[in-house]
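In what follows, a structure is listed as structure tokens, so that the remarks can point back to it.
The values are calculated or read from the model by the stated rules, or taken from the named source; none is laboratory data. Note that this is a predicted model, so its numbers are computed, not measured. Glycine also receives a Cβ, built like all others from the backbone with ideal geometry; neighbour counts cover every protein chain displayed. Please note that ligands, DNA and RNA were not included when accessible areas were found on the heavy atoms of the full protein model with its side chains. Shrake-Rupley method; radii C 1.70, N 1.55, O 1.52, S 1.80 Å.
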Amino acid sequence: MLPGSQPATPVRRGLWRDLRSLTLFSLKRLLALFLTVLVGVYLTIYIANMGGQVDELRLVQIRSTVGEEVRADPAFFDMPAEERNALIEDRVQLEVDRLRLDQPFILRSVDYLQQAIRLDLGRAEQMHSDTGSRQVYDIIVERLPATLLLFGTANLLVFFISVIVALALSRRYGSPMDRAVIALAPSSAAPAWFYGIFLILIFAFLVPLFPAGGMVQVPPPEGTLAYAASVLRHMALPVLAMFLGSIFISIYSWRTFFLIHSSEDYVEMARVKGLSSGLIQRRYILRPTLSPIITSFALMLIGLWSGAIILEQVFNWPGLGTLLFQAIGHRDTPVIIGSVVIFAYLLAITVFLLDILYAVLDPRVRMEANR
Amino acid sequence: MSGRWSQGLAQLRRYPSAVVGMGLIALLVALSIYTVFAIPYSQALDLWRGGETWRMHPVNARPVWVDRLAGGDLPRSQIISGSRSPVESEPFEGGRQKRIELAFDYDSSAFPSELNLFLDARFAEREPFVRLSWHTPDGREIHLGGRRVTGKDRVSISQDWNLERRLGLVPHVGLLAEPDTMENPVVQAGRHALVVEAVLFEEDAALDADLAVYGRVHGLAGTDHQRRDLMVALMWGTPIALAFGLLAAVGTTITTLIIAATGVWFGGWVDAVIQRLTEVNIILPLLPILVMVGTLYSTSIWVMLGVVIALGIFSAGIKMYRAMLLPIREAPYVEAARAYGAGHARIILRYMIPRILPVLIPTFVTLIPTFVFLEASLALLGLGDPVLPTWGKVMNDAQAQSALYHGFYYWVLAPAALLMLTGLGFAMLGFALDRVFNPRLRNL
């Protein structure tokens, strides 16, 4: 045996073992997550239909709208009463067939479930997109950019600013800046919409610098640049509201987190060794805290999906939150289920990716999965 | 254990934010207790339903102190009661003539917001007839026309289109203005009077008249679009918000804790089931479900509370508690308890949970405002409790009536300030508690 080839085999065997356990672990997690999504989505379907009671409401609604239509139509004015009633019945039946209300709810709910799981979102019952499409997919996709733009901007700002500021603060804790942030942290007890109301009051009414709501001027300005400028002006207040609502608590918790990790023995050791503070920060503080940072970043990204119903309502922002609120108001279950399903999938995929990432980043997880 | 608690409390006093927070909470609790005794629950609901109770209150009047601080002299409401005004009565064959002079001093430089005359006639057969005229301080007399009184009548002088055309101004401005100041009306200060000349066609018929000169300011809190005094909602909002926040926080924390401890203690499939349920629950979005429950089932605050607690049972907190409880399960004192024959429930409730309670206190305190704001959020979406006066509902009314656009800032700011105080009080206390009970943070 050559001396050089000696260590190669154990390494390869170690890698092979790691890969196998990682695959096994991933498969188990995948199955568990799939079941989770299945149950979660079914529960949503059940709640959105009130366990089938919404059907009765819908039936009453259909009957009254169809009756109105037929009675208001001049073409049927001279029709005898019986014939007209028969016509109404026919039309109600058509609508019932369309919505499959004659089947028992349990059957339909299972049907909804398998469609939802296959991401076949189907057609909305009442709502339609601005372009007139009845497809749930189109309706959701139409609102997606608005939500992503607003919440993406605000959350990315909050995330990066808070991590960077927190790192800086954790280096000189006890300074006036640090104490100011601690004192301000309780201000985040109020949600973003709350600050939104104040911002609207101040910057839209007292000092009218920014519009009070909406996404673009009405009518929308011509030209891409003017359009973008208008959107930016409309975004200013909601972004600021979200920023104020979470920046201080965010800085505070990251700062505490970094402080706890920077008082670990191995960091002290590095300091004693005389390493530069930049090196200590990168290798001794950021490296072991990487996985929580990535986790919270990923969870923040998925959080974008659902938008925020109330903030969007307060600022009249045409995003997914508003859409969900309208869908609930219209009892349009396909739209409700559609947005929850996509959220569930995104969450499950992110959790799965995080699991794998942990297994790669953190050797302890691998060992645990092996056992 | 109790030593640790009292020691913790003693340490709290060294944090100014904790003292301020406790002060705020004490203030809110005191206000709640006072409210519950001053305005009993059923009376508060009655008042908040609105209607005739509030007919003598102005619409959208701002708080008095706001105006006075700004150096204004906006008028308060004046109710001129006929029973305390000079009345001349002159009987005739089969009836009576009556003259009621409803006089009042007006010295504000701003006009009132509305004028209403309330007539109350009691008769057997024939309705009395009244003729109304307005007497200004400079001796002008403006006729407001005549009418029959059919019982309890409201004469909305401000909505008299004929009069408005004659005066060229809205009646509550035109009647009190100096003559010939059409473009820029100026109040004529002095003693104005509304004279009611009535002819009663029966011997024992009676007629009462009350004039309401609605002001532009009212009380400490102002009024809303339905003339309701906002004070009722602001005061009653306090106990409701505190109760909702506290119950929701207690409900979710305690149940979550017990379930986490149960899972850790039994391990195996129980733990696995609890873990999976938690993961399912994380997928369910809380607010949309609450909105669904609100639109489809009921908007009662207690149903909402139930749903919040139900969805909070398997919350993400379970994962955290589990991590804290796992080492405790192996602790020698738990083993000792097992050895002397303690049951499962006893070990979970008396040995495991008390051990991590101190760590949870801060989380618990900071959780309260979250639920207070959740209730307000639901109300802002129009899903507030249909009968209860809450801060969120006041803000929802304000939003619906475009209060900010119309400049009724007090309508939004007062409930918002109370919400903020509640949030700050609990958050400041919670943050200080966190540093006291989590020794790892104390030296930072």
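For region B:397-416, the condition holds for at least one residue, the condition being that it is surrounded by fewer than 22 Cβ atoms within 10 Å (Cβ to Cβ), away from chain A (no Cβ under 12 Å) and not in a helix (DSSP H, G or I).
Scanning region A:88-111 for residues that are open to solvent by 40 Å² or more (accessible area, probe 1.4 Å) and either under 23 Å from A:ILE47 (Cβ atoms) or in contact with a Phe, Trp or Tyr (Cβ under 8 Å, 6 or more places away or on another chain) (or both) gives A:ARG100, A:ASP102, A:GLN103, A:PRO104, A:ILE106, A:LEU107, A:VAL110, A:ASP111. For the residues B:THR181, B:THR223, B:THR136, B:THR238, the requirement of being β-branched (Val, Ile, Thr) and either within 30 Å of B:LEU367 (Cβ to Cβ) or in contact with a Ser or Thr (Cβ under 9 Å, 6 or more places away or on another chain) (or both) singles out B:THR238.
Looking at the structure I just gave you, is B:PHE364 open to solvent by 30 Å² or more (accessible area, probe 1.4 Å) and in contact with a strand residue (DSSP E or B) (Cβ under 8 Å, 6 or more places away or on another chain)? When the stated conditions are applied, B:PHE364 does not pass them.
Listed by position, the helices (runs of 4 or more DSSP H) enclosed by region B:278-357 that each have at least 2 residues that are of a type outside the set (A, V, I, L, M) and in contact (Cβ under 8 Å) with a residue 12 or more places away in the chain are B:286-296, B:317-329. Across region A:251-277, the number of residues qualifying as within 20 Å of A:ASP178 (Cα to Cα) and either in contact (Cβ under 8 Å) with a residue 24 or more places away in the chain or part of a helix (DSSP H, G or I) (or both) comes to 13. Considered as a group, the residues in region A:162-178 that are in a helix (DSSP H, G or I) and of a type in the set (Ser, Thr, Tyr) include one that is farthest from the chain's Cα centre (by Cα), and that residue is A:SER170.
Residue by residue, here is whether (1) away from chain B (no Cβ under 13 Å); (2) over 28 Å from B:LEU296 (Cβ atoms); (3) surrounded by 15 or more Cβ atoms within 10 Å (Cβ to Cβ) holds:
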position	(1), (2), (3)
A:MET50	no, no, yes
A:ARG58	no, no, yes
A:GLU68	yes, no, no
A:ARG71	yes, yes, no
A:ASP78	yes, yes, no
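Of everything in region A:332-345, what is more than 7 Å from every other protein chain (Cβ to nearest Cβ) and open to solvent by 10 Å² or more (accessible area, probe 1.4 Å)? Give them in sequence order. If the condition is that a residue be more than 7 Å from every other protein chain (Cβ to nearest Cβ) and open to solvent by 10 Å² or more (accessible area, probe 1.4 Å), then A:PRO334, A:ILE337, A:SER339, A:ILE342, A:TYR345 are the ones that fit.
Take the conditions more than 30 Å from B:GLY430 (Cβ to Cβ), exposed (fewer than 13 other Cβ atoms within 10 Å of the Cβ) and modelled with pLDDT under 85 and apply them to A:LEU121. Does it pass? Here the answer is no, as A:LEU121 does not meet what is asked.
Step by step: first the residues of region B:419-444, then only those that are surrounded by fewer than 21 Cβ atoms within 10 Å (Cβ to Cβ) and part of a helix (DSSP H, G or I), then the one that is modelled with the lowest pLDDT. Which residue is that? For region B:419-444, the residue satisfying everything is B:ARG442.
Considering only region B:237-246, I want to know if a residue exists there that is buried (at least 20 other Cβ atoms within 10 Å of the Cβ), within 13 Å of chain A (Cβ to nearest Cβ) and out of contact with any Lys or Arg (no Cβ under 9 Å at 6 or more places or on another chain). Checked against the condition, which is being buried (at least 20 other Cβ atoms within 10 Å of the Cβ), within 13 Å of chain A (Cβ to nearest Cβ) and out of contact with any Lys or Arg (no Cβ under 9 Å at 6 or more places or on another chain), region B:237-246 yields at least one hit. Restricting region B:44-55 to residues that are part of a helix (DSSP H, G or I) and within 14 Å of the chain's Cα centre (by Cα), the residue that is nearest to B:PRO239 (Cα to Cα) is B:ALA44. Those residues that are within 20 Å of B:GLU203 (Cα to Cα), open to solvent by less than 40 Å² (accessible area, probe 1.4 Å) and assigned to a loop (DSSP other than H, G, I, E, B), I need them from region B:66-116; list them, please. Scanning region B:66-116 gives a single hit, B:GLY94. Where strands (runs of 3 or more DSSP E) fall entirely within region B:119-168, those with at least 3 residues that are without any contact (Cβ under 8 Å) to a residue 60 or more places away in the chain are at B:141-148, B:152-156.
So that you can scan it fast, the table gives a plain yes or no per residue for (1) within 29 Å of the chain's Cα centre (by Cα); (2) free of Cβ contacts under 8 Å to residues at least 40 places away in the same chain:
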| residue | (1), (2) |
| --- | --- |
| A:GLU89 | no, yes |
| A:LEU113 | yes, no |
| A:ASP120 | yes, yes |
| A:ASP138 | yes, yes |
| A:PRO145 | yes, yes |
| A:PHE160 | yes, yes |
